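Presented below is the structure to which this report refers.
The values are calculated or read from the model by the stated rules, or taken from the named source; none is laboratory data. Just so we're clear, the structure is a prediction, and the values are computed from it rather than from any experiment. Heads up, the Cβs are rebuilt from the backbone with ideal geometry, glycines too, and the neighbour counts pull from every protein chain shown. SASA here: full protein model, heavy atoms, side chains in, ligands and nucleic acids out. Shrake-Rupley method; radii C 1.70, N 1.55, O 1.52, S 1.80 Å.
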Amino acid sequence: MRIDILTIFPQMFDGPFNQSILKRAVEKGIADIHIHDIRDFTTNKHRSVDDYPFGGGAGMVMMVEPIALCIEKLKSERDYDAVIYMSPDGELLDQKLANRCSLYKNIIILCGHYKGIDERIREHFITKEISIGNYVLSGGELAAAVLCDSLIRLIPGVLNDETSALSDSFQDNLISPPVYTRPADFRGWKAPEVLLSGNEKLINQWKLEKAIERTKKRRPGMMEGE
Ligand code: ADE
């Protein structure tokens, strides 16, 4: 999957893609991530990327031109399956949406700032708007990193144990059961004996029971697909 991220804060992506699973996916060439500084596409001498809103009001608006030029350049080089804008009023990201988006080959992700982006970008370029939750972040960068993480880990070959993404919480409308590792007894706090029994059938039964119990308690409604 090729991901082109458009941002005015490119350094914000130094961290998330240089650690752990995402780093490995990039190194293996499974995820090909390109960060573009929107400021590089300005044509004004101050390299401004924002301006006052027409009609007044609080905050600045990200200008149409540099974003349009950047998206047009990318689209002239290859086809994209989606041009995504990270926005608190977009479709709420959940596991189902992540599963669907993980099938894309090439995507553009636009990170907004200030009071938002000039509406003409949304009208003419954006094909999908995604929110990572019902709260407002200061910019779309952290949201874009969350989206990328949720997509990339689902691409075959990224996780060592291919089944582990399938057993994630939410994949079967169930929360994952509790997990334990050594020592089996820490200060008298014991791991459940069944997990040490070696009896695969009993272990799987226990895991399913715990997953159902947890889901009912923490996310009533989730089992019905809510
Ligand atoms: N930009 C600001 N807040 C956001 C959110 N909750 N989700 C996605 N993008 C955002």
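Per-residue SASA remark: Asp172, around 110 Å² accessible (1.4 Å probe; ligands, DNA and RNA not included). The angle separating the long axis of helix 141-152 from the principal Cα axis of greatest extent in the chain is about 50 degrees.
For the stretch 142-205, with all protein chains in place and a probe radius of 1.4 Å, 56% of the accessible heavy-atom surface sits on carbon or sulfur. Remark: the chain carries 60 Å² of accessible area per residue (probe radius 1.4 Å; ligands, DNA and RNA excluded). Note on Cys111: accessible area approximately 0 square angstrom, rounded to 10, probe 1.4 Å, nucleic acids and ligands left out.
Per-residue ellipticity at 222 nm, computed for the chain from helices alone with -39500 (n - 2.57) per DSSP H run of at least four residues, works out to -9000 deg cm²/dmol. Between Arg2 and Gln205, residue separation times 0.36 nm minus the direct Cα-Cα distance comes to 69.1 nm.
Using a 1.4 angstrom probe on the protein heavy atoms only, line up Phe9, Phe17 by accessible area, largest first.
Most to least solvent-accessible, the answer reads Phe9, Phe17.
Between 0 and 90 degrees, the angle of helix 200-218 with respect to the longest Cα principal axis of the chain falls at about 50 degrees.
What dipole magnitude, in Debye to the nearest 20, does the stretch 2-152 give about its Cα centre under +1 on Lys/Arg Cβ and -1 on Asp/Glu Cβ? Display every interim value, and only then the final one.
On the way: 17 positive and 22 negative charges, 64 e Å.
Result for the stretch 2-152 is approximately 300 debye, rounded to the nearest 20.
Given +1 at the Cβ of Lys and Arg, -1 at the Cβ of Asp and Glu and no other charges, the dipole of the stretch 173-226 around its Cα centre is 200 debye to the nearest 20. Counting only heavy atoms of the protein chains and using a 1.4 Å probe, Asp40 has close to 100 Å² of accessible surface. How many angstrom lie between the C-alpha centres of the stretch 1-60 and the stretch 98-154? Between the Cα centres of the stretch 1-60 and the stretch 98-154 lies a distance of 11 Å. Largest accessible area first, the residues Leu202, Leu93, Leu103 order themselves as Leu103, Leu202, Leu93 under a 1.4 Å probe with ligands, DNA and RNA left out.
Restricting the calculation to Cα atoms, every distinct pair contributes to the Kirkwood radius of the stretch 169-223, found to be 12.2 Å. Based on alpha carbons, the Rg and Dmax found for the chain are 21.6, 71 Å. Compute the angle between helix 64-77 and the longest alpha-carbon principal axis of the chain, please, reported from 0 to 90 degrees and rounded to the nearest 10. Between helix and principal axis, roughly 70 degrees.
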